[in-house]
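Structure first, commentary second.
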Amino acid sequence: MTKSKYYAPKGGLPPQTQLLTDRAVFTESYAVMPKGVMTDIVTSLLPFWDKARFWVIARPMSGFSETFSHYIAEVMPDGGSDRPETETGVEAVLFVVEGTVQLIVNGKPHILDEGGYAFLPPDIDWTLRNISAKPAKFHWIRKAYQNVDGLDTPEFFVANETDIPPVAMPETDGKWATTRFVEPSDLRHDMHVNIVTFEPGGVIPFLETHVMEHGLYVLEGKAAYRLNQDWVEVEAGDYMWLRAFCPQACYAGGPGRFRYLLYKDVNRHMSLAPKL
């Protein structure tokens, strides 16, 4: 397997001489956040975290994408939290893109290096510390878990991308593949966070139009992405945020691989209960 590279935000602030023109856009059906907008001045601090800051790149918004939040965390050496989650009923995925963290779950330590992945069920006891000598950066995707009578809550697990063979899409000659951390048939899970890889020349050859919401963070490479009626160019460090039913397609022209971390909500009925 080709060694993976993961882009992480660099922070800082552009010079006063830089032109305002950029690729950032927010529409009624999608948003594109280029890597250049993830500067120091847009970070957030969170309760009970020390030596840490967060780029909040998605949050539930009425009338747009409503099921998840997505943070990129930067934690300094020895920083972290003994009370990272302050809301009940929330599940999460962590994906490390830089440095090393120690995740303690129910008193048991787990080391997550680059490519490390953790699924955290709702209301589990967990803490996190950066145990490396440089900043640790990781994605933290949160969702309110949807319980279903007769289905157990999925259990905690850790993995690393390098240990999971990608599954090629049929009839693509391996140019479009997905690294799946959860079996699609496991209905206990109501969200999937996967890694999608396109080799140069790989395409999504039709406009996908579906009920799942998406957050797509580009880990590596560049591509042309079709979002609703628009073609946009994206590269490593960019983020795409799609509401349900936004048409989407992709062409990865190279020269290297194009890879992104993908969130989607799955495996649940569409609630018909009125929102109070």
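FRET efficiency for the pair D82 and R268, taken as 1/(1 + (r/R0)^6) with r the Cβ-Cβ distance and R0 = 25 Å, rounds to 0.20. In units of the compact-protein estimate 2.2 N^0.38 Å, the chain shows a Cα radius of gyration of 0.98.
For the range 64-210, the Cα-based Rg and Dmax, in that order, read 16.7, 47 Å. In units of the compact-protein estimate 2.2 N^0.38 Å, the range 143-265 shows a Cα radius of gyration of 1.11.
PRE reach from D40 (point 7 Å along Cα→Cβ): which of the range 6-28 fall under 14 Å by backbone N? So the set is 10-16. Taking all protein chains together and rolling a 1.4 Å probe, M61 ends up with roughly 70 Å² accessible.
Rounded to the nearest whole Å², what accessible area per residue is found for the range 1-57 with the 1.4 Å probe?
About 67 Å² of surface per residue is accessible.
Solvent-accessible area of the chain (1.4 angstrom probe, protein heavy atoms only): carbon and sulfur portion equals 55 percent. The slack between D186 and D22, meaning 0.36 nm per residue of separation minus the straight C-alpha distance, is 54.9 nm.
Each 10 Å bin from 0 upward holds the following percent of the Cα-Cα pairs of the range 27-86: 20, 44, 29, 7, 0. Here each label is just a point 7 Å from Cα along the line to Cβ, and for K51 and D123 those points are 3.3 nm apart.
Look at where the Cα atoms of the range 132-177 and of the range 1-44 average out, and the two centres are 24 Å apart. Between the residues G80, V90, A52, the greatest Cα displacement towards the positive end of the dipole of the range 34-98, with unit charges on the Cβ of Lys, Arg, Asp and Glu, is found for A52. For the range 101-176, the direction-averaged projected area of the alpha-carbon convex hull comes to 7.7 nm².
Taking the solvent-accessible surface of protein heavy atoms with a 1.4 Å probe, what is the per residue accessible area of the range 130-239 in Å²?
On a per-residue basis, 46 Å².
Between the beta carbons of D163 and S132, assuming R0 = 25 Å, the FRET efficiency works out to 0.75 to the nearest 0.05.
Its residues counted as N, the range 1-146 yields a C-alpha radius of gyration over 2.2 N^0.38 Å of 1.11.
The values are calculated or read from the model by the stated rules, or taken from the named source; none is laboratory data. Here the structure is a predicted model, which means the values were calculated and not measured. Note that we place each Cβ from the backbone using ideal geometry, even for glycine, and neighbour counts take in every protein chain shown. Heads up: the accessible areas ignore ligands, DNA and RNA and are worked out on the full protein's heavy atoms, side chains in. Shrake-Rupley method; radii C 1.70, N 1.55, O 1.52, S 1.80 Å.
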